[in-house]
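Working notes for the structure below.
The numbers here are math on the coordinates, done by the rules we state, and not lab data. In this text, all values refer to a predicted model and were calculated from it rather than measured experimentally. Methodologically, a virtual Cβ is constructed for each residue, glycine included, from the backbone with ideal geometry; neighbour enumeration extends over all protein chains shown.
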């Protein structure tokens, strides 16, 4: 009987270990990024326990480090964009993407600026965050070219890191700055305005609604083996987003992590974040992504998208209960 009891206990421990492994998700996050904010909310509000998940954050310095961790197998999931996922799929990998946010950047200008539209950038000095292959920059160029404006030749372009460009924008060194959404929010709190939003650019390029270019990225094979855990995580993340959308005190709690102490600035962060929470059907998202992919493939070429000229329909992950 004693041996039988020990055997039962051992079998139970093996089963428990397997269940724990199935429920574990290693999450590659940047400490100051939006995924880190959501993970903080998930843990603070016990959503990981509610959905029986063991979420292990792996803090990394950059998105590129996250990509290496994901492809190397040391992380299961990260926040990226469908353009990178599509490129990797075209090169043979089986990554998939699930939409998270349509909050994107804008061309920011001082309040007194005469720049009010894309055409006003002609002959001006434009700072661009993210480098020559930044998606927002390529989309901006594509739209400008449709009206006969070649920004690379008819404007002075300066590339740089977002914090540096924000600092220079406040010093008046540039006429306009195309930067990421959180840096836009910070500039907005300091009196800058949005001359051109990337969401508006995408609409003019054929998108029917704001497009969630940013989302959760993971390996399709891993997702198939851990389907329940993946879909529970996606639901936990959705609930965390709703908490962030409707709770001002939550933003005050997160202020030190976000790095913003001014209440007015924090309110702008909350507004812009909430505006981008993804809620529409995946089929609609995929249709808009395909339209934009063609534009990006045309202007960015194989350096940006790889060998595929069309967005692979399998790029988007589809949970069982999501249209």
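Brief remarks follow.
- Measure of compaction for the range 106-204 (Cα Rg per 2.2 N^0.38 Å): 0.95
- Over the range 106-204, relative contact order from alpha-carbon pairs under 8 Å, at least 6 apart, %: 49
- Rel. contact order, % - alpha carbon contacts under 8 angstrom, at least six apart, the chain: 26
- The Cα-based radius of gyration and maximum Cα-Cα distance (Dmax) for the chain are 21.6, 88 Å.
- For the chain, built as a Gaussian network whose Cα springs stay under 10 Å, the top-fluctuating residue of 111, 287, 176: 111
- Segment residue 320..residue 247, full-extension length gain: 23.3 nm, with 0.36 nm per residue of separation and the alpha-carbon distance subtracted.
- Under the simplified labelling scheme, the residue 74-residue 303 pair shows an inter-label distance of 2.9 nm, with each label point 7 Å from Cα along Cα→Cβ.
- Centroid-to-centroid separation of the range 174-237 and the range 77-152 [C-alpha atoms, Å]: 11
- Using alpha-carbon coordinates, inclination of helix 248-258 to the longest axis of the chain, degrees: 80
- Mean ellipticity per residue at 222 nm, deg cm²/dmol - from DSSP H runs of n ≥ 4 across the chain, formula -39500 (n - 2.57): -16000 deg cm²/dmol
- Per-peptide average of other Cβ atoms within 10 Å, ordering 129-136, 312-319 highest first: 129-136, 312-319
- Highest-first arrangement of 148-157, 198-207, 266-275, where packing means the average Cβ count within 10 Å: 198-207, 266-275, 148-157
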